[in-house]
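> Structure below; questions to follow.
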Amino acid sequence: EGEASEYIFLVISGVVRSFRSLQDGTRTIATFYLPTEFFGLTDHPAHLLTAEAAADANILFFKRSALFSMAKCESRIANFLLTTTLTELRRTQEQSLLIGRDAKGRFASFLTDLSKRMRTQTCLDLPMSHQDIADHLGLTIETISRVITQLENSGLIARGRSHRDLILSNRHALVRMTK
């Protein structure tokens with residue numbers, strides 16, 4: 001946050017969270033970046049958010065000016081950057097719409113989006129902590145725990161071997177909760 005935006009980053013493995021820390025010590029996580037996703041793509045001279053690994057991560061970085069110069073000459077690169085930007089804009093809009101939803105709806109939306117991005121329909125090994133998820137959804141960690149238990153009792157999800165493993169037992173019902 002506040003550093004010159006000279007580079008654009010690509011997540012090779014792991015997960016990166018982008019967030020802002022507030023004066024009261026809390027943080028708001030804007031988004032998580034997964035493998036094959038870019039972050040730091042901006043035309044602003046400074047980054048608006050802090051980015052850090054939420055789990056072990058390997059990151060590739062590109063000089064912003066070089067990538068933009070290449071995009072001027074190569075339409076495939078320009079189209080790729082446009083698609084990446086539009087995808088991020090869509091995710092940001094979807095995230096802003098979650099605020100009006102109840103905790104179950106927020107969490108169901110998070111799970112279905114994450115499973116789509118991780119290209120899995122049923123088994124999710126959450127790459128971030130429950131506290132990270134709570135900070136992302138504007139909830140407390142206790143609420144996340146209660147929602148997981150409620151969804152589990154309803155048969156919509158099941159817990160796997162570890163506390164981060166979730167099985168989407170009824171994906172269709174989870175998707176309906178997001179509408």
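This table checks each residue for (1) in contact (Cβ under 8 Å) with a residue 40 or more places away in the chain; (2) crowded, with 16+ Cβ neighbours inside 10 Å.
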{"position": "L49", "(1), (2)": "yes, yes"}
{"position": "R64", "(1), (2)": "yes, yes"}
{"position": "A71", "(1), (2)": "no, yes"}
{"position": "R90", "(1), (2)": "no, no"}
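> Still on this structure, please answer the following. In segment 8-47, which residue that is open to solvent by 20 Å² or more (accessible area, probe 1.4 Å) and aliphatic (A, V, I, L, M) is nearest to A78 (Cα to Cα)?
So the residue we want is L41.
> Any residue in segment 133-152 that is in contact (Cβ under 8 Å) with a residue 40 or more places away in the chain sitting within a Cβ distance under 7 Å of a residue that is open to solvent by 30 Å² or more (accessible area, probe 1.4 Å) and among the aliphatic types (A, V, I, L, M)? List the pairs, counting only those 6 or more apart or interchain.
If the second residue must be open to solvent by 30 Å² or more (accessible area, probe 1.4 Å) and among the aliphatic types (A, V, I, L, M), the pairs left are G138/I99.
> Also: In segment 31-82, how many are in a strand (DSSP E or B) and either among the acidic types (D, E) or touching a His at 6+ places or on another chain (Cβ under 8 Å) (or both)? Steps first, please.
We begin by selecting, within segment 31-82, every residue in a strand (DSSP E or B); these are 31-33, 38-39, 46, 50-63.
After this cut, where a residue has to be either among the acidic types (D, E) or touching a His at 6+ places or on another chain (Cβ under 8 Å) (or both) as well, the list is 31-32, 52, 56.
Of the residues in segment 31-82, 4 are in a strand (DSSP E or B) and either among the acidic types (D, E) or touching a His at 6+ places or on another chain (Cβ under 8 Å) (or both).
> Taking the conditions exactly as written (over 12 Å from S5 (Cα atoms), surrounded by fewer than 18 Cβ atoms within 10 Å (Cβ to Cβ) and modelled with pLDDT under 95), does D56 satisfy them or not?
yes
> Filter segment 93-112 down to residues that are modelled with pLDDT of 90 or more and open to solvent by less than 80 Å² (accessible area, probe 1.4 Å), then give me how many there are. Explain how you work it out, then say what you get.
Step one: of segment 93-112, the residues modelled with pLDDT of 90 or more are 93, 101-112.
Keeping just the survivors that are open to solvent by less than 80 Å² (accessible area, probe 1.4 Å) gives 101, 103-112.
Of the residues in segment 93-112, 11 are modelled with pLDDT of 90 or more and open to solvent by less than 80 Å² (accessible area, probe 1.4 Å).
The values are calculated or read from the model by the stated rules, or taken from the named source; none is laboratory data. Keep in mind that what you see is a predicted model, and the values were worked out from it rather than measured. When we count neighbours, we look across all protein chains shown, and the Cβ atoms used for this are built from the backbone with ideal geometry, even at glycine. Protein only, heavy atoms only, side chains kept; ligands, DNA and RNA dropped before computing areas. Shrake-Rupley method; radii C 1.70, N 1.55, O 1.52, S 1.80 Å.
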